[in-house]
Amino acid sequence: MVVVDPGHGGRDAGMVGMRVNGRTLVEKQVTLAVARAVRSALQARGVEVVLTRAPDTLVSLADRGGMATRAEGG
């Protein structure tokens, strides 16, 4: 079991402002896209994966830690 925490989300955008190919990069969007790609790659290898957030929602640090603890059976 692997828990991937993309960080940020919801009203917490993280870093905003770098423009690439005419688009403004928003950290919360980049971290979520990377987390989804990691999840897909791991699942393709038979690894069970939990994301601390899948939609663009804000998850507290305490809740993120709780998800990891529950995922490992604690």
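The values are calculated or read from the model by the stated rules, or taken from the named source; none is laboratory data. These figures come from a predicted structure and were not determined experimentally. Heads up, the Cβs are rebuilt from the backbone with ideal geometry, glycines too, and the neighbour counts pull from every protein chain shown. Quick note on the areas: whole protein, heavy atoms, side chains included, nothing else; ligands and nucleic acids left out. Shrake-Rupley method; radii C 1.70, N 1.55, O 1.52, S 1.80 Å.
Points worth noting:
- Test: R36 is touching a residue at least 12 places away in the same chain (Cβ under 8 Å) and over 12 Å from V3 (Cβ atoms): yes
- Selection within the range 6-26 - surrounded by 10 or more Cβ atoms within 10 Å (Cβ to Cβ) and of a type in the set (G, A, S): G7, G9, G10, A13, G14
- Considering the range 31-53, and only residues there that are of a type outside the set (S, T, Y) and open to solvent by less than 40 Å² (accessible area, probe 1.4 Å), the residue that is farthest from E72 (Cα to Cα) turns out to be L32.
- Pairs linking a residue in the range 46-74 that is touching a residue at least 60 places away in the same chain (Cβ under 8 Å) to a residue that is outside any loop (DSSP other than H, G, I, E, B), with Cβ atoms under 7 Å and 6 or more positions apart or on different chains, are M67/V3; M67/V50; A68/V3; A71/V3; A71/V50.
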